[in-house]
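The values are calculated or read from the model by the stated rules, or taken from the named source; none is laboratory data. Just so we're clear, the structure is a prediction, and the values are computed from it rather than from any experiment. Neighbour counts run over all protein chains shown; Cβ positions are idealised from the backbone, glycine included.
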Amino acid sequence: MNVLKMTNVKKSFGDLEVLKDISVSVDKGEVVSIIGPSGSGKSTLLRCATLLEQMDSGELWYMGEKAAGNDEEGHTVYPRDLNQFRRCFGLVFQNFNLFPHYTVLKNLTDAPVSVLKRNPAEVKDEAMALLRKMGLEDKADAYPCQLSGGQQQRVSIVRALAMKPEILFFDEPTSALDPELTGEVLKVIKQLAEEKMTMVIVTHEMAFARAVSDRVIFMDGGVIVEQGRPEEVFGDTQQERTKQFLRNYQN
Amino acid sequence: MDFLNLLAQLAAGMGNTLLLFALTLVFSLPLGLLVTFGRMSTWAPFKNLGIKKEKERRLSGAAILADGDESLTQQMTRIERSHWSWLLAHLRRFKPVQFIFKVIIAILRGTPLMLQLLVVFFGPYYIFGVSLSASYRFIAVVLGFSINYAAYFAEIYRSGIESIPVGQREAAQVLGYSKAQTFLKIILPQMVKRVLPPVTNEVITLVKDTSLAFVLVYTEMFTLAKQIAAARTSVMPLFVAGVFYFIFNAVVAVVMERVEKSLSYYS
């Protein structure tokens, strides 16, 4: 079953057409990387999938259930209550967006307790276990501003995981980090991939995308130019545009 | 002895000053938040007015242009339509609640507080013919101050809310927080921390503004000082009143600094 399915997504900002009829689906346990130049629409696609941006046209499905569909004229209509679908996914932002006034532990436990109405003690135990797994248990009582960028991003991954999502989205998770700190974040994502977490990663880290993904999607100008297994896309590139993009990255 | 007497009299007037100061804060701080909500309202009831017709018109308009030569009447209707669509575009963007609160804030910040106090006190009689009891005098003073300060606080709150990175809202939304939860748990606490310095400014101004209550014959400290100064033909009482205000504001500054410090555990 598809965890995520998006069909014929179109999105414009004013006169600028950012997404031109894109369809993507992601299977359970699959790790998909989306690469492409700036302005290619990859972040917008992710924002449409995570309901931060509304599609102009197209359908969105989570776990086989329709979260948004087209009306007779082909415009996307969203239901009033989207929270049922928000529970399906987690999103890790480029700028972490941790809540600065909450401790690390409170960042992790607040949403499960106040949104999912789960038992606070149980949530806390789970959060501590996740922190231990990340080697961050001594940071439980620290505030985000006391952590390094890499630590903050790992905490924000844990915050998304604490909601037990079916699928995890990453929007350029290492772009705001020092090169020295990207490693620790990528290691965590890799570990999640090994645990068969379903993930969609928008990234500029080509070597990482190649190593970790089951499928790589190359986007440019609001369309999917090429997609396939990483060894196909990187090793046996078909499209001239993809070749050009990858060449620029090697230099 | 004479000086001690002066101090005692002014200290007694300070009681009224303090009362007005405290009541104004109690009412205007929360009222300001409500005004902020009104000011930040994005409700636009005419948002989708005539969208469909517009689309059809645009198609037919394109046809006329393609034709090249249009008759005078065609030109006239086209110009008329463009005026109409200009009006329509403005109507669609019109946010009535926001507009009303913008006007209210403009009036409250743009006219003297002293005048506003007079309007609040005499308005009910001169505008509506309602005569109110003598105790309304005090209510009018507190009401006038509270409404005026709420307008200033509202704009300070708005600046605080708008300065919080949009990512905070987005993170909360993705985690499934409701709008009320997002505001109360994520936005408001961060806003409070950010607005403390400008709020302190307003609070200090309020301490000194209480002297304007004399227009409604509310005998706060400065009114007394002026009376004593006139009776003794001496500026000493006014000078002592200045010292009283200074001490009062020094206390306000220390308290607000403490509050700021208590919120400095994160940045």
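Before moving on, here are some points about what is shown:
- Some residue of region B:243-262 being closer than 30 Å to residue B:136 by Cβ, in a helix (DSSP H, G or I) and in contact with a Leu (Cβ under 7 Å, 6 or more places away or on another chain): yes
Condition check ((1) closer than 27 Å to residue A:191 by Cα; (2) among the aromatic types (Phe, Trp, Tyr); (3) out of contact with any Cys (no Cβ under 6 Å at 6 or more places or on another chain); (4) touching a residue at least 24 places away in the same chain (Cβ under 8 Å)) across all residues:
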position: A:6; (1), (2), (3), (4): yes, no, yes, yes
position: A:10; (1), (2), (3), (4): no, no, yes, yes
position: A:18; (1), (2), (3), (4): no, no, yes, yes
position: A:88; (1), (2), (3), (4): yes, no, yes, yes
position: A:114; (1), (2), (3), (4): no, no, yes, no
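- The listed residue being among the charged types (D, E, K, R) and within 30 Å of residue A:153 (Cα to Cα), out of B:137, B:169, B:81: B:169
- Members of region B:160-184 that are touching a residue at least 24 places away in the same chain (Cβ under 8 Å) and surrounded by 14 or more Cβ atoms within 10 Å (Cβ to Cβ): B:160, B:161, B:164
- Set side by side, the residues B:137, B:109, B:92, B:81 differ, and just one is over 30 Å from residue B:153 (Cβ atoms) and at pLDDT 85 or above, which is B:92.
- Checklist (1) under 16 Å from residue B:149 (Cβ atoms); (2) crowded, with 17+ Cβ neighbours inside 10 Å; (3) in contact (Cβ under 8 Å) with a residue 40 or more places away in the chain applied to residue B:198, failing item: (2)
- Qualifying residue in region A:165-183 (condition: small (Gly, Ala, Ser), buried (at least 18 other Cβ atoms within 10 Å of the Cβ), outside any loop (DSSP other than H, G, I, E, B) and under 22 Å from the mean Cα position of the chain (by Cα)): no
- Evaluated against (1) more than 18 Å from the chain's Cα centre (by Cα); (2) under 26 Å from residue B:165 (Cα atoms), residue A:21 falls short on exactly one condition, (2).
- Search result, residues across region A:17-61 that are outside any helix (DSSP H, G or I) and within 14 Å of another protein chain (Cβ to nearest Cβ): A:50, A:51, A:52, A:53, A:54, A:56
- When residues in region B:20-51 are screened for being of a type in the set (D, E, K, R) and modelled with pLDDT of 95 or more, 1 of them pass.
- Only a single criterion out of (1) more than 9 Å from chain B (Cβ to nearest Cβ); (2) under 30 Å from residue A:48 (Cα atoms) is not satisfied by residue A:124, namely (2).
One line per residue, one yes/no per condition, for (1) farther than 30 Å from residue A:13 by Cα; (2) of a type in the set (Phe, Trp, Tyr); (3) in contact with an Asp or Glu (Cβ under 6 Å, 6 or more places away or on another chain):
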{"residue": "A:151", "(1), (2), (3)": "yes, no, no"}
{"residue": "A:155", "(1), (2), (3)": "yes, no, no"}
{"residue": "A:162", "(1), (2), (3)": "yes, no, no"}
{"residue": "A:176", "(1), (2), (3)": "no, no, no"}
{"residue": "A:180", "(1), (2), (3)": "yes, no, no"}
{"residue": "A:191", "(1), (2), (3)": "yes, no, no"}
{"residue": "A:194", "(1), (2), (3)": "yes, no, no"}
{"residue": "A:234", "(1), (2), (3)": "yes, yes, no"}
{"residue": "A:239", "(1), (2), (3)": "no, no, yes"}
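Per-residue answers, yes or no, for (1) free of Cβ contacts under 8 Å to residues at least 60 places away in the same chain; (2) hydroxyl-bearing (Ser, Thr, Tyr); (3) within 14 Å of chain B (Cβ to nearest Cβ); (4) touching a Pro at 6+ places or on another chain (Cβ under 8 Å):
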site	(1), (2), (3), (4)
A:134	yes, no, no, no
A:142	yes, no, yes, no
A:145	yes, no, yes, yes
A:169	no, no, yes, no
A:189	yes, no, no, yes
A:198	no, yes, no, no
A:204	no, no, no, no
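- All of B:120, B:141, B:166, B:103 fail the test of being within 14 Å of another protein chain (Cβ to nearest Cβ) and β-branched (Val, Ile, Thr), apart from B:166.
- Scanning region B:120-136 for residues that are surrounded by 15 or more Cβ atoms within 10 Å (Cβ to Cβ) and closer than 15 Å to residue B:217 by Cα turns up B:120, B:121, B:136.
- Qualifying residue in region B:201-223 (condition: under 19 Å from the mean Cα position of the chain (by Cα), buried (at least 21 other Cβ atoms within 10 Å of the Cβ), in a helix (DSSP H, G or I) and free of Cβ contacts under 8 Å to residues at least 60 places away in the same chain): no
- Check on residue B:101, modelled with pLDDT of 95 or more, of a type outside the set (S, T, N, Q), on the phi < 0 side of the Ramachandran plot and surrounded by 14 or more Cβ atoms within 10 Å (Cβ to Cβ): yes
- Matching option when the condition is of a type outside the set (A, V, I, L, M), in a helix (DSSP H, G or I) and within 14 Å of chain A (Cβ to nearest Cβ), among B:226, B:193: B:193
- For region A:72-118, the tally of residues that are surrounded by fewer than 22 Cβ atoms within 10 Å (Cβ to Cβ), in contact with a Phe, Trp or Tyr (Cβ under 7 Å, 6 or more places away or on another chain) and either more than 10 Å from every other protein chain (Cβ to nearest Cβ) or in a helix (DSSP H, G or I) (or both) stands at 2.
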